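Below is one structure, written out as structure tokens, with a few remarks after it.
The values are calculated or read from the model by the stated rules, or taken from the named source; none is laboratory data. Note that the structure is a prediction, hence the values are computed from the model and not measured. We place every Cβ from the backbone using ideal geometry, glycine too, and count neighbours over all the protein chains shown.
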Amino acid sequence: MTSEKIVIGLTGSLGSGKSTVAAMLAECGAHVIDADLLAHAALKPGSPVYAEIIKTFPAAMARDGSIDRKKMAQEVFGHAGRLKALTDLIHPYVFSRIEEEIAGAGGMVVVEVPLLYETGFEKKCRLVIYVDASPENISERLLKRGLSEKEIELRQKAQLAPEAKRNRADIVIQNDGSIQKTREEIQSLYRRISALSKGAK
């Protein structure tokens with residue numbers, strides 16, 4: 001019995017370990033699409049939306065003509081109108097690319113989208129996995145990435161509250177244990193979803 005294509009949305013709190021879980025699902029055999037990587041591609045010279053982004057946010061341009069992501073973050077986080085202007089430019093490009101990748105993939109397709117609920121993309125997903133972690137672990141991970149406490153606060157405010165996302169998800173992964181414990185949980189989850197996709201409509 002062949003497996004049907006099944007689209008899984010993967011989201012979670014900032015710093016919860018979404019990318020770690022995505023990598024583990026890829027190890028199991030899932031086709032993973034990373035919305036953040038596509039968004040970063042949109043910021044590079046040559047992308048279809050690059051010129052309009054530079055026109056809208058000239059202060060975010062680096063000396064070499066590329067877009068400085070740290071400067072861009074300073075431009076938009078904490079400024080709802082500017083953040084909306086940026087997402088209005090980037091999201092159509094990102095989600096059209098996601099749709100193209102989904103169309104060309106088979107089996108289990110995992111789409112990692114930090115703003116899954118905010119963009120309404122969950123409507124295109126058969127299941128949604130939410131990755132969570134304790135506030136202490138999240139703060140520690142984000143500080144290690146070089147974000148300040150103020151930057152963390154501004155980015156968190158730009159997203160739906162974690163409780164709201166968690167409550168809407170079909171599956172919750174609490175990513176506070178060891179890497180091995182999380183890997184075993186993901187391997188078990190992959191087997192369960194694979195079984196669901198075999199002939200299930």
Scan the range 120-138 for residues that are at pLDDT below 95 and either under 20 Å from Lys70 (Cβ atoms) or in a helix (DSSP H, G or I) (or both) and jot them down. Pro135, Glu136, Asn137, Ile138
What is the number of the single condition among (1) within 22 Å of Ser96 (Cα to Cα); (2) free of Cβ contacts under 8 Å to residues at least 40 places away in the same chain that Glu75 does not meet? (1)
Kindly indicate the residue of the range 91-119 that is of a type in the set (D, E, K, R) and within 22 Å of Gly29 (Cα to Cα) and also surrounded by the most Cβ atoms within 10 Å (Cβ to Cβ) among those meeting that condition. Glu112
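If I filter the range 189-196 for residues that are β-branched (Val, Ile, Thr), more than 22 Å from Ala23 (Cα to Cα) and either out of contact with any strand residue (DSSP E or B) (no Cβ under 9 Å at 6 or more places or on another chain) or modelled with pLDDT under 95 (or both), do I get at least one hit?
No, the range 189-196 contains no residue that is β-branched (Val, Ile, Thr), more than 22 Å from Ala23 (Cα to Cα) and either out of contact with any strand residue (DSSP E or B) (no Cβ under 9 Å at 6 or more places or on another chain) or modelled with pLDDT under 95 (or both).
Test of understanding: among Glu122, Glu151, Glu163, which residue is of a type in the set (Asp, Glu), within 27 Å of Ile98 (Cα to Cα) and surrounded by 18 or more Cβ atoms within 10 Å (Cβ to Cβ)?
On the way: Glu151 fails: within 27 Å of Ile98 (Cα to Cα); Glu163 fails: surrounded by 18 or more Cβ atoms within 10 Å (Cβ to Cβ).
Going through Glu122, Glu151, Glu163 in turn, the sole match is Glu122.
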Here the residues within the range 119-136 that are touching a residue at least 40 places away in the same chain (Cβ under 8 Å) and more than 18 Å from the chain's Cα centre (by Cα) are Ser134
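From the list Leu10, Leu38, exactly one residue is within 17 Å of Met108 (Cβ to Cβ) and modelled with pLDDT of 95 or more. Which is it?
Details: Leu38 fails: within 17 Å of Met108 (Cβ to Cβ).
Exactly one of Leu10, Leu38 is within 17 Å of Met108 (Cβ to Cβ) and modelled with pLDDT of 95 or more, namely Leu10.
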One residue from Leu143, Leu115 being out of contact with any strand residue (DSSP E or B) (no Cβ under 7 Å at 6 or more places or on another chain) and within 20 Å of Ile171 (Cβ to Cβ): Leu115
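For every residue, the table says whether it meets (1) under 26 Å from Ser148 (Cβ atoms); (2) under 16 Å from the mean Cα position of the chain (by Cα); (3) part of a strand (DSSP E or B).
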residue	(1), (2), (3)
Lys71	yes, no, no
Arg82	yes, no, no
Leu86	yes, no, no
Pro92	no, yes, no
Ala103	no, no, no
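Scan the range 169-186 for residues that are part of a helix (DSSP H, G or I) and in contact with a helix residue (DSSP H, G or I) (Cβ under 6 Å, 6 or more places away or on another chain) and report the count. Break it down stepwise before answering.
First pass over the range 169-186, keeping only residues part of a helix (DSSP H, G or I): 179-186.
So of that shortlist, the ones also in contact with a helix residue (DSSP H, G or I) (Cβ under 6 Å, 6 or more places away or on another chain) come out as 183, 186.
Selection size over the range 169-186: 2.
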Residue pairs, Cβ under 7 Å, 6 or more apart or interchain, first in the range 29-56 and in contact (Cβ under 8 Å) with a residue 24 or more places away in the chain, second crowded, with 20+ Cβ neighbours inside 10 Å and polar (S, T, N, Q). List them. none
Restricting the range 57-69 to residues that are under 24 Å from the mean Cα position of the chain (by Cα) and assigned to a helix (DSSP H, G or I), the one farthest from Ile152 (Cα to Cα) turns out to be Ala60
Mind checking which residues of the range 7-33 are surrounded by fewer than 20 Cβ atoms within 10 Å (Cβ to Cβ) and outside any helix (DSSP H, G or I)? Val7, Leu14, Gly29, His31
Which of the following residues is in a helix (DSSP H, G or I), more than 18 Å from Val32 (Cβ to Cβ) and under 15 Å from the mean Cα position of the chain (by Cα): Arg155, Arg97, Arg141? Arg155
